[in-house]
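Asker: One structure follows; several queries about it will come next.
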Amino acid sequence: MSDDEVADDLRRRVAELLKQHDPATTDRLEFLRARFDAGLAWVHYPEGLGGLGLPRAMQSVVDAELEKADAPDNEPRRIGIGLGMAAPTILAFGTDEQKKRFLRPLWTGEEVWCQLFSEPGAGSDLAALATRAMRDGDTWVVNGQKVWTSVAHKARWAILVARSDPDQPKHAGLTYFVCDMTDPGVDVWPLRQITGEAEFNEVFLTDVRIPDENRLGAVGDGWRVAMGTLMNERVAIGGGSAPRESGMIGVVADTWRKRPEVRTPGTHDRLMRLWVEAEVARLTGKRLQQKLASGEPGPEGSAMKLTFARLAQELSGLELELIGEDGLRYSDWTMTRPEIVEFTGRDAGYRYLRAKGNSIEGGTSEVLRNIIAERVLGLPPERRDDKDVPWKDLPR
Amino acid sequence: MNLLYTDVEDSLRDSVRSLLADRCPAERVIAAYDGNDNLGRELWPRLANDLGLAGLLVPEDMGGQGASAREAAVVLEELGRFAAPVPFLSSAVIATSIAMRAQHVELVRQLVQGTTTAALAVPFSAGPATFGSDVLRTEEDVLRGSVSSVAGALDADVLLVPVPTEVGFEVHLVDASAVTMTPVVSLDMSRQLADIDFMDAPCEVLIDATDGAAAVRDALELGAALLASEQVGVAEWCLESTVAYLKERRQFGRIVGGFQAIKHRLADLWVEVESARAAARYAAATAAEGDPDRQVAVALAQAYCSGAAVHAAEECVQLHGGIGMTWEHPAHLYLKRAKADQIAFGAAEGHRATLAGLVDLPA
């Protein structure tokens, strides 16, 4: 079938869905489940799992039709970790049962997901993590502490990496699990950040019992599974096919247009340089997306995230300077636990402070540069004295 | 809009690259700086005729290849990679686009056959928004005046000359043998410029004043759009050769490319080159399709790619260390090409000013 024929077929399927389940009269969740079952949730997923096995780019046809019909969506910003990280990992490494069990409520947003990766002692060096998973028959008993976990207090499930074999070198002894956040051993504490908010959490895991059927991938294969997740995360943060002036550049450009009194030749020059960079970054993301249309994310996603973080920081900094006296004020330092993280939300001061996290979360910019240098350019790897030593013997 | 390379484009790239790899060695480009090599004169007929690049953008019914700006962009990437001293951009892109617009069938035919090479007589630094001309048509129907720093003029058999009138510009066709052409000692001798004096040069109107200004502007816009791809080619060569060198070079008992300070610079440069590629592909694609966004795309590509190529060339010299500073190593060819290209068709600040107008971000 040609692209046009595929698009026509998709429009027919959407029309059928809308006929059977009129969004105006159907319960929101019921509609989303029906959409999933019709293969129109994410068309690049396989049939039976919310998709039709089509190229990723064809999703825009479905989205456009559903938007026209004013159909409810799955509030993707509320379930970003599920959609961007958990789902592709489950799809790539999960068993048929796991895919059937988890993907539908994940996509509809009935079940929110969070990520239990980073630890106080394992940030950039994720593979050094110390959370232990000990096998006990058909279950695993997990103990440890995780940090930087967004929406943990709302989450039903978590993707978790834990150490299953401390006698192995650090990368080899890890196993990947789906962790039930309602387990009595899971304790979630807000972790306040420089913005005043507690967008993230600390999660303490005490004798949490995970059935072996909730393991993703083989025992000891956790590192490979986690890398798949992180590649997807970097593409999710930096990639995409947003329109011109999306994100931070749009916010600053709006301010520029609405407030002629803030304009100076110096700031105009900075604004235009950043506008150029932001638009080129958008095109680069679009190009990357075309490249990945059918394949897996490669290390190139790291480049997008690197650029995204730098521009978000420079632009949000420019915005504060631009608005002068107003830049001296901050909306609210009260501790809250937001459900949706929006980098371009709230006020200019918040945006400036929140953007500082962009070059840390999901791989620091320094680590991303190493990844590009080593995996794209083939330059010699960093010294890794800890690579072949059993994890239990590493200095700590 | 497809920002990748098609199979057709890749195969065109392969043939251009293999010809240049055979016939455009860096030492002969370097020799051009000492004025004792005919590389360009040997190379251009091969590219123009054997590969049909002279007529690449000309429709098939006029004898050309009927290709689009996308394919021309790929050719320019390769010419950039070799700093090749040929008048593809000046003649086969800019001048040919004007000849086609003028519907001068005979001139187009000669250009396609490679029997004639043409150049637009404006300074290489003139951009679509800024070009002008001091060349005037006298009562005797001859041209008087001068134009400086013209690219491709030394290779040209005919010149296309914008001449101001009361209502705009005419474009005149002038035989190159009828003018005084003074070669310029150019920063980039792989694209040597010339000063041209018109002393009562006989002329023929190619495009009249109703369309002349627009014709020149559009041609320069196309040139600027595709120059971005040459800049990508330059940047790509600089990055690749630097990475290759630093994988071999040892100091302090280590491969230099293993130092993190170096790795991070190269990673950033790779990101910049790939970003430039996206911008250049977008400019080429919008030019090929006559997309309404093409003015934004051209200004964007020039505002970004010109700096990216210079940065890549400067990093190339620096990271090669001492050898990068020598006459013998080709790094300087790319530094000179990149720096000259940055000024060509208007510097980045001008393109940013154009953009500011186009996207409603007034100063």
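FYI, it's all coordinate maths here, none of it is from the lab. All of these numbers come straight from a predicted model, not from anything done at the bench. Every residue, glycine among them, receives a Cβ derived from its backbone with ideal geometry; neighbour counts consider all protein chains shown.
Asker: What distance in nm separates the two pseudo spin-label positions at B:Arg249 and B:Thr130, each 7 Å out from Cα along the beta-carbon direction?
Answerer: A separation of 3.4 nm, rounded to one decimal place.
Asker: Compute the relative contact order of the stretch A:111-236 as a whole-number percentage, counting only Cα pairs closer than 8 Å that sit 6 or more residues apart in sequence.
Answerer: 27
Asker: Rank A:Ser365, B:Leu120, A:Gly220 by how far each Cα sits towards the positive end of the charge dipole of the protein assembly as shown (+1 on Lys, Arg Cβ; -1 on Asp, Glu Cβ) and give me just the farthest.
Answerer: A:Gly220
Asker: In nm, give the distance between the simple-model label positions of A:Asp22 and B:Thr115, each being 7 Å from the Cα along the Cα-to-Cβ direction.
Answerer: Here the answer is 7.5 nm between the modelled labels.
Asker: Using a cut-off of 9 Å between beta-carbons, work out the net charge of the residues near A:Ala198 (Lys and Arg +1, Asp and Glu -1, A:Ala198 not included).
Answerer: Details: positive: A:Arg192, A:Arg337; negative: A:Glu197, A:Glu199.
The answer is 0.
Asker: Follow-up. Suppose each label sits 7 Å from its Cα in the direction of the beta carbon; what would the B:Met199-A:Asp37 distance come out to in nanometres?
Answerer: With each label point 7 Å from Cα toward Cβ, the separation is 9.1 nm.
Asker: Using a/c under 1.5 as the rounded threshold, could you call the protein assembly as shown rounded, prolate or oblate? The axes a ≥ b ≥ c are square roots of the C-alpha gyration tensor eigenvalues, and prolate needs a/b larger than b/c, oblate otherwise.
Answerer: The shape class here is prolate.
Asker: Just rank B:Ile98, A:Ile210, fewest to most, by other beta-carbon atoms within 10 angstrom.
Answerer: So the residues, fewest neighbours to most, are A:Ile210, B:Ile98.
Asker: Also, quick follow-up: Test of understanding: extend the Cα→C-beta vector of A:Arg77 to 7 Å, then name every residue of the stretch A:90-127 with backbone N under 13 Å from that spot.
Answerer: Those under the cut-off are none; the list is empty.
Asker: Further question on the same structure: Compute the label zone of A:Ala57 within the stretch B:269-308: residues whose backbone N is under 15 Å from the point 7 Å along Cα-to-Cβ.
Answerer: B:282, B:285-286
Asker: First measure r as the distance between the Cβ atoms of B:Thr138 and B:Asn49, then evaluate 1/(1 + (r/R0)^6) with R0 = 30 Å and state the FRET efficiency to the nearest 0.05.
Answerer: Approximately 0.20, to the nearest 0.05.
Asker: Based on the Cβ-Cβ distance of A:Val389 and A:Glu342, what FRET efficiency does E = 1/(1 + (r/R0)^6) give at R0 = 35 Å, to the nearest 0.05?
Answerer: 0.25
Asker: In whole Hz and in residue order, list the ³J(HN,Hα) couplings for the stretch B:297-304 that follow from phi through the Karplus curve 6.51 cos²θ - 1.76 cosθ + 1.60, θ = phi - 60°; x for Gly and Pro.
Answerer: 4, 5, 4, 4, 4, 5, 4, 9
Asker: What dipole magnitude, in Debye to the nearest 20, does the stretch B:118-180 give about its Cα centre under +1 on Lys/Arg Cβ and -1 on Asp/Glu Cβ? Walk me through the intermediate numbers first.
Answerer: On the way: 2 positive and 9 negative charges, 47 e Å.
Around 220 debye, computed over the stretch B:118-180.
Asker: Which whole-number percent is the relative contact order of the stretch B:71-141 (Cα, under 8 Å, 6+ apart)? Let's see the in-between values first.
Answerer: Numbers: 32 pairs, mean separation 17.8, N = 71.
The value is 25 percent.
Asker: To the nearest Å, what is the center-to-center distance of the stretch A:369-390 and the stretch B:311-330, using C-alpha atoms only?
Answerer: 26
Asker: Given a Förster radius of 56 Å and the C-beta distance between A:Gln193 and B:Asp34 as r, what FRET efficiency does 1/(1 + (r/R0)^6) yield to the nearest 0.05?
Answerer: 0.35
Asker: Report ³J(HN,Hα) in whole Hz for each residue of the stretch A:218-223, in order, from the Karplus equation J = 6.51 cos²θ - 1.76 cosθ + 1.60 where θ = phi - 60°; Gly and Pro get x.
Answerer: 6, 4, x, 9, x, 5
Asker: Further question: Got a sec to turn the phi values of the stretch B:327-337 into Karplus ³J(HN,Hα) couplings, 6.51 cos²θ - 1.76 cosθ + 1.60 with θ = phi - 60°, whole Hz, x for Gly and Pro?
Answerer: Whole-Hz 3J(HN,Hα) from phi for the stretch B:327-337: 5, 6, 7, x, 3, 5, 4, 7, 5, 5, 4.
Asker: Please go through the stretch B:127-183 and write out the GluC sites (Glu not before Pro) that DSSP classes as loop and that have at most 15 other C-beta atoms within 10 Å.
Answerer: Those that pass, being in a loop and sparsely packed, are B:Glu139, B:Glu140, B:Glu166.
Asker: Which order do A:Ser316, B:Ser149 fall in if you start with the one that has the fewest other Cβ atoms within 10 Å?
Answerer: Values: A:Ser316 24, B:Ser149 19.
Ascending number of Cβ neighbours within 10 Å: B:Ser149, A:Ser316.
Asker: For B:Leu193, list long-range residues whose amide hydrogen, built 1.01 Å from N in the peptide plane, is under 5 Å from its own amide hydrogen.
Answerer: B:Val184, B:Ser186
Asker: Please work out the Cα center distance from the stretch B:214-291 to the stretch B:125-140, rounded to the nearest Å.
Answerer: Using only Cα atoms to place each centre, the spacing works out to 33 Å.
Asker: Next question. Taking a ≥ b ≥ c as the square roots of the eigenvalues of the Cα gyration tensor of the stretch B:100-228, is the shape rounded (a/c under 1.5), prolate (a/b larger than b/c) or oblate? Present the calculation step by step, with values, prior to reporting the outcome.
Answerer: On the way: a/c = 1.21, a/b = 1.13, b/c = 1.07.
Here the stretch B:100-228 falls in the rounded category.
Asker: Which distance in Å, rounded to a whole number, links the C-alpha centroids of the stretch A:177-194 and the stretch A:71-113?
Answerer: 19
Asker: Just to confirm my understanding: which cysteines in the protein assembly as shown have no other cysteine beta carbon less than 4.7 Å from their beta carbon?
Answerer: A:Cys114, A:Cys179, B:Cys24, B:Cys203, B:Cys305
Asker: Amide H to amide H, which residues 5 or more places from B:Phe169 or on other chains are under 5 Å from it, using H placed in the peptide plane?
Answerer: B:Gly212, B:Ala213
Asker: Mind running the shape call on the stretch A:152-298? Use the C-alpha gyration tensor, a ≥ b ≥ c as the square roots of the eigenvalues: rounded below 1.5 for a/c, prolate if a/b tops b/c, oblate otherwise.
Answerer: Verdict is prolate for the stretch A:152-298.
Asker: Under the Kirkwood approximation for Rh and a Cα-based Rg, what ratio Rg/Rh is obtained for chain B?
Answerer: Rg/Rh for chain B comes to 0.98.
Asker: Sticking with this one: Which value, in debye to the nearest 20, describes the size of the charge dipole of the protein assembly as shown about its Cα centre when Lys and Arg Cβ atoms bear +1, Asp and Glu Cβ atoms bear -1, and nothing else is charged?
Answerer: For the protein assembly as shown, the charge dipole is close to 2420 debye.
Asker: Could you point to the residue in B:Gly233, B:Ala213, B:Thr286 farthest towards the positive end of the stretch B:205-286's charge dipole, with +1 and -1 charges on the Cβ of Lys/Arg and Asp/Glu respectively?
Answerer: Of the listed residues, the answer is B:Gly233.
Asker: If you don't mind, there's one more thing I want to ask. Just need the relative contact order of chain A here, percent rounded to a whole number, with Cα pairs under 8 Å and 6+ apart.
Answerer: 14
Asker: When N counts the residues of chain A, how does its alpha-carbon radius of gyration compare numerically with 2.2 N^0.38 Å, as a ratio?
Answerer: Values: Rg = 22.3 Å, N = 396, 2.2 N^0.38 = 21.4 Å.
With N residues counted in chain A, Rg over 2.2 N^0.38 Å equals 1.04.
Asker: Another question about this same structure. Return A:Lys291, B:Lys263 ranked ascending by Cβ neighbour count within 10 Å, so the fewest neighbours appear first.
Answerer: Lowest to highest Cβ neighbour count: A:Lys291, B:Lys263.
Asker: Can you find, among B:Gln302, A:Gly80, B:Ile196, the residue farthest towards the positive end of the dipole of the protein assembly as shown? Put +1 on the C-beta of Lys and Arg, -1 on that of Asp and Glu.
Answerer: A:Gly80
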